[in-house]
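Below is one structure, written out as structure tokens; the observations come after it.
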Amino acid sequence: MAADSGYEFVALPDEVRRVPRPHARHDIRPPGTGSFMLRVRYRVEQPVHIGAGHWFLQERRAVRAAVRSGDKLVIPGSSLKGMLRARYEAITKSCCPGERAPKDAELKGAIPSRKRAGYRVKFADAIHAHPVFAGSCMAGGPMCAACALFGCMSLRARVSCFDLVPNNAAVAVVSVAKRFSPRPHHLGYYDVDEARRTLHVKRLHGRKFHVGGQQDSDVSARGGRRGKSRGGQASGGGREWLEVIPKDVELEGRVVCVNVTPAEAGGLLCALGFVPESTVRIGSAKALGLGVLEPKNLAPIGVMDPMFDDMCNMFSQSDDYYRQGEQRLLGMFGGL
């Protein structure tokens, strides 16, 4: 999938490595694991919007509000954790939790498909039988790397993320094209059955990541000049206004790790975008020139043995490591 579509894919691994992981627990400290905290700092390279679920009126226009803590817009720890898990899954031989295989769908109306409106999308049985979707991870049994670290059924995560808080209370408003639901047939390679008006998806492209575009003009401060954006995804159905954390603001937060092996810590450093260094994307409208964070500083608190570079080497030598996934992810986000 081309970058101008607003998103690209990381190919799924051929296998999911589900094995017993006795260190994935909280009641004791297993040998070979450590607990520590990471203070992380990012710079906003493209404005970030995390929706609060409501709107407010400004200059006779409806603006989608962002999440706040006091007088500051923040990135909630839950959003940070979701971003980390998605990236960690992409660089390890991990499953899609909850067996979330894509479902057959009807393409109704002009959106999500103008050319194929009224067609049906059917996914091949081979997709549902793929190791990433077949089976599940549970506490006490074999688990994949991502479920063991970030949690699964009956198992608490060993990574906790706190809010990313900006160093000032700057707020801006930006205009973006109205968004729409994904076109399911764009998730993979498909054949067209014109007689039955059906699109048969044979194989998936992989895990979807937004790469987006650039802003057409600077995001304006509240009440200032209106900003516009462009990116790969546009519906032709007008624009909407979003409250955002503006560009160049720095955010700080904490990531707490409990009973983590050095190899798991190495994978987490890559997911955070620090080692190797790469930008990360978070929030809404990532396909429309929003949501890019640039890693600035990483400060460990607690026992860190071995050092970062050694942890990353141990991760790349572990059986959970998915080399093709890491190279693809870093290639998309400037890590290579």
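A few comments on the model shown:
- Residues listed by number, segment 101-130, amide nitrogen under 15 Å from LYS202 label point at 7 Å toward C-beta: 122-127
- Taking the Cα centre of the chain as origin and assigning +1 to Lys and Arg Cβ atoms and -1 to Asp and Glu Cβ atoms, the resulting dipole is close to 1300 debye.
- Pairs from LYS72/LYS208; LYS93/LYS208; LYS72/LYS247; LYS81/LYS108; LYS81/LYS296; LYS103/LYS202 whose Cα-Cα separation, in the structure shown, is over 22 Å: LYS72/LYS208; LYS81/LYS108
- Positive-end residue of CYS257, THR198, PRO22, charge dipole of the chain with Cβ unit charges: THR198
- Kirkwood Rh in Å, taken over all unlike Cα pairs in the chain: 21.2
- Whole-number accessible area per residue in Å² for segment 1-147, which is evaluated in the context of all protein chains at 1.4 Å: 48
- Rounded to whole numbers, the Karplus 3J(HN,Hα) couplings from phi for segment 198-207 are 10, 10, 9, 7, 8, 8, 7, 5, x, 7 Hz, using 6.51 cos²θ - 1.76 cosθ + 1.60 with θ = phi - 60°, and x at Gly and Pro.
- Computed 3J(HN,Hα) for segment 113-125, one whole-Hz value per residue from the Karplus formula 6.51 cos²θ - 1.76 cosθ + 1.60 where θ = phi - 60°, is 8, 7, 6, 10, 4, x, 6, 10, 9, 10, 9, 4, 4, glycine and proline marked x.
- Contact order for segment 129-214, expressed relative to its length and based on alpha carbon pairs under 8 Å spaced 6+ residues apart, stands at 14 percent.
- Computed from phi, the 3J(HN,Hα) profile of segment 87-97 under the Karplus parametrisation 6.51, -1.76, 1.60 (θ = phi - 60°) reads 6, 5, 4, 5, 9, 10, 7, 10, 8, 9, x Hz, with x in place of Gly and Pro.
- Amide H contacts under 5 Å for LEU164, placed H, 5+ residues apart: ILE75, GLY77
- Length gained when the stretch ALA134-ASN297 is fully extended (0.36 nm per residue, less Cα-Cα span): 54.8 nm
- Apportionment of accessible area to carbon and sulfur, segment 273-313, percent (1.4 Å): 49
- Distant-in-sequence amide contacts of ARG239, defined by a placed amide H-H separation under 5 Å and a gap of 5 or more residues or a different chain, comprise LYS178.
- Near ALA52, the amide H atoms lying under 5 Å from its own belong to ALA65, ALA66, VAL67; only residues 5 or more places off or on other chains count, and H is placed 1.01 Å from N.
- Using the Cβ-Cβ distance between PHE180 and ILE28 with R0 = 56 Å, the FRET efficiency computed as 1/(1 + (r/R0)^6) comes to roughly 0.70.
- Among HIS200, HIS130, HIS54, HIS49, the order of accessible area from largest down is HIS54, HIS200, HIS130, HIS49, computed with a 1.4 Å probe on protein heavy atoms.
The values are calculated or read from the model by the stated rules, or taken from the named source; none is laboratory data. If you're wondering where the values come from, they're calculated on a predicted model, not measured in any experiment. With ideal geometry, Cβ positions are generated from the backbone for all residues, glycine too; neighbour counts draw on all protein chains shown. Side chains included, ligands, DNA and RNA excluded: accessible areas come from the protein's heavy atoms. Shrake-Rupley method; radii C 1.70, N 1.55, O 1.52, S 1.80 Å.
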